[in-house]
Amino acid sequence: MSEDVNVEHLLDVFTSIDPSSQDIWGACADFMNNLFWHKPRLVTLGPKIEALPDDHPSKPRSLYSLSRLYYSVGNWAEHKRLLTPTLKLWREQGDESQVAQALIEISEANRQMHLFEEGIQRAREASEILGRLGDAARQAECLIILAYILCGDRQLDAAEEAASHAIDLLPEKGEQYQVCLGHRVLGEIYHDKGDTERAIHHFEVSLGVASSLNLDAQLFWSHYSLAQLFSGAGRLDDAHAHLERGQ
């Protein structure tokens, strides 16, 4: 039996002995967070977490940690389902920062499931909250997600506005991962608008940032996007070159 399975078994036992202990549930949340970052998989603690009374101080954090494990295995529907009561509890606690985080993640889940209308609504609410809190970095992250959702819903002008605002919020140094995403979504938007010159510019900026930070996934997608663009424009040699570089 692997070490993390042993830990999960012990936590299952401890939560049965003392289900009201904040320390034990805090340890459960920490355990699930560690799995999320280092060994993504589902756990058997879900029914116990969901059965916690709503006034248990550890319930929203435990639900959130559980939801992220479903995110890590690509189960967007279950990720969203668990975030919904988490959002309700954080609203009741008046924790605006965590409310915004839940809204951001629900927005992304909606985007993945092509539920664009709800995704747009949730992302806009999160952006408004983060603007009030003065958290520019997280507001930019939220606006980039909003831009992708709007792009998916073919609201290209609104998507361009959201992505441009996100980049304007980001500092000149730091947050380069979000800068990379912001320029990539602008590239997608301009590609969809038929503005090839601007699309190439933003894809190349994204590619440069991804290269400087060794962001392999972003390098792949930037090369892939440029390959698609050049292929559609009949520039097959350029398309082939980006496909090769993206491998």
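Numbers below:
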| quantity | calculated |
| --- | --- |
| Out of ALA102, ALA123, ALA109, sole residue that is touching a Ser or Thr at 6+ places or on another chain (Cβ under 8 Å), buried (at least 21 other Cβ atoms within 10 Å of the Cβ) and farther than 22 Å from VAL179 by Cβ | ALA102 |
| Sole exception among (1) in contact (Cβ under 8 Å) with a residue 24 or more places away in the chain; (2) aliphatic (A, V, I, L, M); (3) closer than 19 Å to ALA199 by Cβ for ALA158, by number | (1) |
| Some residue of region 21-28 being more than 27 Å from ALA136 (Cβ to Cβ) and under 20 Å from the mean Cα position of the chain (by Cα) | no |
| The lone exception for PRO19 - which of (1) more than 20 Å from ALA102 (Cβ to Cβ); (2) without any contact (Cβ under 8 Å) to a residue 24 or more places away in the chain; (3) in a loop (DSSP other than H, G, I, E, B) it fails | (2) |
| Residues (more than 14 Å from ARG41 (Cα to Cα), assigned to a helix (DSSP H, G or I) and either of a type outside the set (A, V, I, L, M, F, W, C) or in contact with a Gly (Cβ under 8 Å, 6 or more places away or on another chain) (or both)) located in region 57-71 | LYS59, PRO60, ARG61, SER62, TYR64 |
| Filter pass, SER212 being hydroxyl-bearing (Ser, Thr, Tyr), within 19 Å of the chain's Cα centre (by Cα) and part of a helix (DSSP H, G or I) | no |
| Meets criteria (closer than 29 Å to ARG41 by Cβ and surrounded by 20 or more Cβ atoms within 10 Å (Cβ to Cβ)) for ARG81 | no |
| Top-ranked residue of region 14-50 - restricted to ones that are surrounded by fewer than 11 Cβ atoms within 10 Å (Cβ to Cβ) and among the hydrophobic types (A, V, I, L, M, F, W, C), ranked as nearest to LYS80 (Cα to Cα) | TRP37 |
| Where a residue in region 204-220 is buried (at least 19 other Cβ atoms within 10 Å of the Cβ) and its partner, wherever it lies, is of a type in the set (S, T, N, Q) and assigned to a helix (DSSP H, G or I), with Cβ under 6 Å and at least six apart | SER206/SER222; LEU207/SER222; VAL209/GLN176; ALA210/GLN218; ALA210/SER222 |
| Verdict on GLN247 being in the same structural domain as ASN110 (by TED's automatic domain parsing) and of a type in the set (S, T, N, Q) | no |
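For (1) more than 26 Å from the chain's Cα centre (by Cα); (2) within 13 Å of GLY187 (Cα to Cα), each residue gets a yes or a no:
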site	(1), (2)
ASP216	no, no
PHE220	no, no
ALA227	no, yes
GLY232	yes, no
GLY246	no, no
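The values are calculated or read from the model by the stated rules, or taken from the named source; none is laboratory data. Quantities reported herein were computed from a predicted structural model and do not represent experimental measurements. Quick reminder, even Gly has a Cβ in these numbers, built from the backbone with ideal geometry, and neighbours come from all protein chains shown.
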